[in-house]
Structure formats: structure tokens, C-alpha cells
Amino acid sequence: MPRAKYRSSDVNLMARMMRAEAEGEGKMGMLLVGNVIVNRLKADCLDFKGLRTIPQVIYQVQGGNYSFEAVQKGNVFYQAARSSEKRLAKQTLDYWRGQPAKHALWYFNPYAPCPPTWYDQPHSGQYKQHCYYEPKECPNAYSW
């Protein structure tokens, strides 16, 4: 059984996001970003309460801005997904989870060392330039 319900259009959208956010970090970097997207879909807590679809996660607006920088800036996000990214997106939707994003709901590139917390959420690890953060209080983030 897949980790989340999805349609083929969701795979394509998620693949575009993974490419836009982490293409420079290779296959693993894109898998980690995909993992965060699925985690936000499944968490149903904190900033991610009520999200039920991949488009809702990707196009979520928080504080007047899109949650993902690639959607805010748009120019990179609108590149087509290649078959390799689609395979990675499907992999994260179906089964893949890994550290440091196994339970992470946030990531960012600080262009500096990773802070120990981000908006009071604990650092779960770093992969190349991205720092990942898990929620302190969100049982759903740890239940699947």
C-alpha cells in the first residue's frame, strides 16, 4: 500500500518540485525533498493541518508566501519533470523514507551551517546544502 494516495498528475507535480528544489543535490537530495512533501501530506498538524492532496501541499501559502521557494520564484519550478524524477517521486509516494528527512516537515538551505533549531523545531540532519527539521509536537509525523 502506498504511503499516500496519488494520481499520475500528482507524480508529475511532485517530480517537478523535487527537481526544482534539489536537482543540484542528485538523486538522494531529490528523494529527501519528496519525503518532506509526503510527510507534510500525512502529518495533519502544525502548519500542515488539513492538507489532503499533493497540490495542496505544493501550493500551500503560509504568511502570504508559498511554502516552497521554487513555487514562489516559479521560473525553475515550471521546468518539465524528466522520467528519472518521476520515478523518484513515485518511489517516495509508494514507500521510500530516509534520514535526515524521515520525519522532517521542513528543510532549507541556510548558505551557512545548519542552526540547531528552526522556528523552535529540532534539526534532524543535513544533506549537502539542505538542513532538515522534525516537529517537536506532531504525533502523526512519527506514526507511519
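Nothing in this text is a laboratory measurement; each read-out follows from the coordinates by a stated rule. Predicted, not measured: the structure shown is a model, and the values here were computed from it. Every residue, glycine as well, gets a Cβ built from its backbone with ideal geometry; the counts of neighbours run over all protein chains shown.
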| note | Within the under-14-Å Cβ sphere about G50, not counting G50, Lys/Arg +1 and Asp/Glu -1 give a net charge of +2
| task | Take the Cα pairs of the stretch 21-75, get the Kirkwood Rh, then feed it into Stokes-Einstein at 37 °C and 0.692 mPa s and tell me D in µm²/s. | result | 277 µm²/s
| query | Most mobile of Y119, Y132, Y107 per a Gaussian network model of the chain (Cα springs, under 10 Å)? | reply | Y119
| request: Compute the signed sum of charges (Lys and Arg +1, Asp and Glu -1) over the other residues within less than 14 Å, Cβ to Cβ, of R82. | output: +4
| query | Can you list the residues, at least 5 places off or on another chain, whose amide H is less than 5 Å from the amide H of G125, using H built in the peptide plane? | reply | Y132
| note | Taking N as the number of residues in the chain, the ratio of its alpha carbon radius of gyration to 2.2 N^0.38 Å works out to 0.95
